[in-house]
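Some notes on the structure that comes next.
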Amino acid sequence: MTVHLELMQLDGTVAAPSAAVVIAARGHRSFLLRDVQEFSNVTPLQGVLRIWTDSGAGVFVTSFLLRYNERGDFLLTNLPSMNESQLPVSADRIFPELAAGNGLMTRIILLDSGSTTLRLYSQAGEPVGAK
């Protein structure tokens with residue numbers, strides 16, 4: 001099967017040409033994004049990776065973020081994947097705490113039809129702003 005990869009920047013623009021990876025029947029592939037020729041010159045690799053196939057069998061994806069911290073420790077964490085055709089259409093989502101300042105940052109990537117409202121509140125419960 002052919003699996004297509006498209007790397008988009010956080011603003012939704014395409015970061016690199018699309019790539020295709022061939023996977024044998026009942027097979028698997030593991031690779032780093034920087035090892036995909038089309039993505040090799042994209043630095044830093046920040047954004048959203050879209051993965052799809054035309055195969056009726058579909059594809060299962062597991063992804064990880066690999067980093068070295070300031071002390072040189074190797075860090076690995078899994079990254080969630082989702083099916084764009086099955087986005088939840090239910091009620092509010094609440095993020096109880098966001099990190100900002102002192103070298104900390106939280107990113108929230110919203111995927112929807114454009115009707116999402118993001119409301120921010122202070123620790124006292126006062127509205128901070130809307131976007």
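Determine whether the range 7-19 contains at least one residue that is over 23 Å from SER85 (Cα atoms) and polar (S, T, N, Q).
The answer is no; no qualifying residue exists.
Out of SER30, SER81, I need the residue that is surrounded by 10 or more Cβ atoms within 10 Å (Cβ to Cβ) and part of a loop (DSSP other than H, G, I, E, B). Which one?
Just a single option satisfies the conditions, and that option is SER81.
Which pairs do you get when a residue that is within 15 Å of GLY47 (Cβ to Cβ), found in the range 18-34, comes within reach of a residue that is aromatic (Phe, Trp, Tyr) and modelled with pLDDT of 85 or more, reach meaning Cβ atoms under 6 angstrom, with the pair 6+ apart or on two chains?
LEU33/PHE39
For ARG67, state whether it is modelled with pLDDT of 75 or more, surrounded by 10 or more Cβ atoms within 10 Å (Cβ to Cβ), basic (Lys, Arg) and under 17 Å from the mean Cα position of the chain (by Cα).
Answer is no for this residue.
The values are calculated or read from the model by the stated rules, or taken from the named source; none is laboratory data. This structure is a prediction, so every number in the text was calculated from the model and none was measured. Because the Cβ atoms are built from the backbone with ideal geometry, glycine has one as well, and the counts that use them run over all protein chains shown.
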